[in-house]
1. Of these, Leu11, Leu83, which one is among the aliphatic types (A, V, I, L, M), surrounded by fewer than 18 Cβ atoms within 10 Å (Cβ to Cβ), within 16 Å of the ligand (Cβ to nearest atom) and at pLDDT 95 or above?
2. Just to check your reading of the model, which residue among Leu319, Leu323 is assigned to a helix (DSSP H, G or I), within 16 Å of the ligand (Cβ to nearest atom) and more than 30 Å from Val92 (Cα to Cα)?
3. What single numbered condition from (1) more than 13 Å from the ligand (Cβ to nearest atom); (2) surrounded by 18 or more Cβ atoms within 10 Å (Cβ to Cβ); (3) more than 30 Å from Gly104 (Cβ to Cβ); (4) among the charged types (D, E, K, R) fails to hold for Glu144?
4. Test Arg205 against the criterion of being in a loop (DSSP other than H, G, I, E, B), of a type in the set (Lys, Arg) and surrounded by fewer than 20 Cβ atoms within 10 Å (Cβ to Cβ), and give yes or no.
5. Which condition does Lys242 not pass, out of (1) modelled with pLDDT of 95 or more; (2) buried (at least 17 other Cβ atoms within 10 Å of the Cβ); (3) of a type in the set (D, E, K, R), if it passes all the others?
6. Run Arg318 past the list (1) crowded, with 23+ Cβ neighbours inside 10 Å; (2) modelled with pLDDT of 95 or more and report the number of the one that doesn't hold.
7. Quick check: anything in the range 164-172 at pLDDT 95 or above and either β-branched (Val, Ile, Thr) or assigned to a helix (DSSP H, G or I) (or both)?
8. Which condition from (1) touching a Lys or Arg at 6+ places or on another chain (Cβ under 8 Å); (2) in a loop (DSSP other than H, G, I, E, B) is the one that His243 breaks?
Amino acid sequence: MIKAIRGTRDLLPPDTALWNFVEKTVREVFGAYNFQEIRTPIFEATELFARGVGEETDIVSKEMFTWEDRGRAQSEKNQLLTLRPENTAGVVRAYIEHNLQQRGLNKLYYIGPQFRRERPQKGRYRQFYQIGAEVIGPASAGSESPARDAEVLELLATLLDRLGIRDWSLRLNSVGCANDRAAYNEALRKALEPVVSEMCEDCQRRAVTNPLRVFDCKVPEDQPIIEKLPRISQFLDEGCRKHFEQVQAILKSVGVPFTLDDRLVRGLDYYTRTAFEFTHGALGAQNAILGGGRYDGLSESLGGPSAPGIGFAIGEDRLVLALQESAEAVLRTPDVYIAPLGAGMDREAARLARELRHHDLVVELGDENFRLKKSFETASKVGVRYVLIVGENEVKSGSYALKNLETGEQVSVPRAELAGKIQAK
Ligand code: AMP
């Protein structure tokens, strides 16, 4: 038997109804904040992620699905391509390529699969789905303002509430800007020097190449050492500190609760200033449902114009996992099962089904070859409340037998009143 590759999976009904519910709600909420959808390719040049996300990040150094694509003509060079491990780099590439700066402030969102070669476990897949948004544009359009950060965070709080996700918490940090980072990296290097030989191999490498990445370390023995390292919060310059204070002030004013966490540096290199994560109690170890932050230098590092921005990515798989308990509420079971009774009745039943579906009813249609007993059994499996019998007598009289499976009551209803009666419940 050929099975789905480990780390990938099929999404089956009834779960898909939950995915659709999430995506519908997300589109509505994004719409209310005037975000518009962008769709970028699923694979891009490897270099985009190496430069955008950062060579030293776990994602780029060990998790990308990369292959060498043969040039079509002999003169063409082979090109390294990668399945996108995240979508911000692709959006910023598109921003540069299509000169979106001319539009001023861009508020874009995406929904789609991402790919990382991670060790599969609950809540962690090799093909997973992200819902994300980016606010990006020239600084003159207000893209740098702390008001944008706060608006994005408030949007997320609204979205989680609307989805019915309770007990989320927001952790917030500022990772500073290039200036702060240079001084901070220096301090980190110094602090790491005497202790790094006691740390894991990854940390020993990070200490040399990109010391900030030490904070990504999950090795339990390293944690006491990491706890004692200097924090970025002590190195923020005046501008970054004020920016961060302003974000917090707006959040307080709109009533979005948060906690400060100066260990939060996020796993991607492009972040500057505001960085954040929303976690959810029910998800255990993989409890981050979404993360994001500001990336004021990303466009330039990809060869584009200055374009400050802020964005986030929600792990849709984890969001759905968190929602699973309330799955019942969003499932729409059919309203009525139509049971054609006897030869020639499939035709009549199909006409009636078409009529009722025009009234926005969900109709399951049976088969004239089924005996009535089998029709009823099928109907209760489907979970409908009503069974509508279409036999020769009904067609002749224009009045149909409608049985309520919950109460057992059966009534005869004129054709014109059927939709109303079924809808009334
Ligand atoms: P990141 O792009 O790493 O900032 O991740 C943003 C969100 O995507 C995380 O908070 C997770 O919810 C989700 N996520 C990241 N990696 C995976 C994965 N391998 N499987 C499922 N969800 C993931």
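The values are calculated or read from the model by the stated rules, or taken from the named source; none is laboratory data. Note that this is a predicted model, so its numbers are computed, not measured. Note: ideal-geometry Cβ built from the backbone for every residue, glycine included; neighbour counts use all protein chains shown.
1. Leu11
2. Values: Leu319 fails: more than 30 Å from Val92 (Cα to Cα).
Criteria check complete, one pass: Leu323.
3. Among (1) more than 13 Å from the ligand (Cβ to nearest atom); (2) surrounded by 18 or more Cβ atoms within 10 Å (Cβ to Cβ); (3) more than 30 Å from Gly104 (Cβ to Cβ); (4) among the charged types (D, E, K, R), Glu144 violates only (3).
4. no
5. (2)
6. Only one criterion is unmet by Arg318, namely (2).
7. The answer is no, given that none of the residues of the range 164-172 is at pLDDT 95 or above and either β-branched (Val, Ile, Thr) or assigned to a helix (DSSP H, G or I) (or both).
8. (2)
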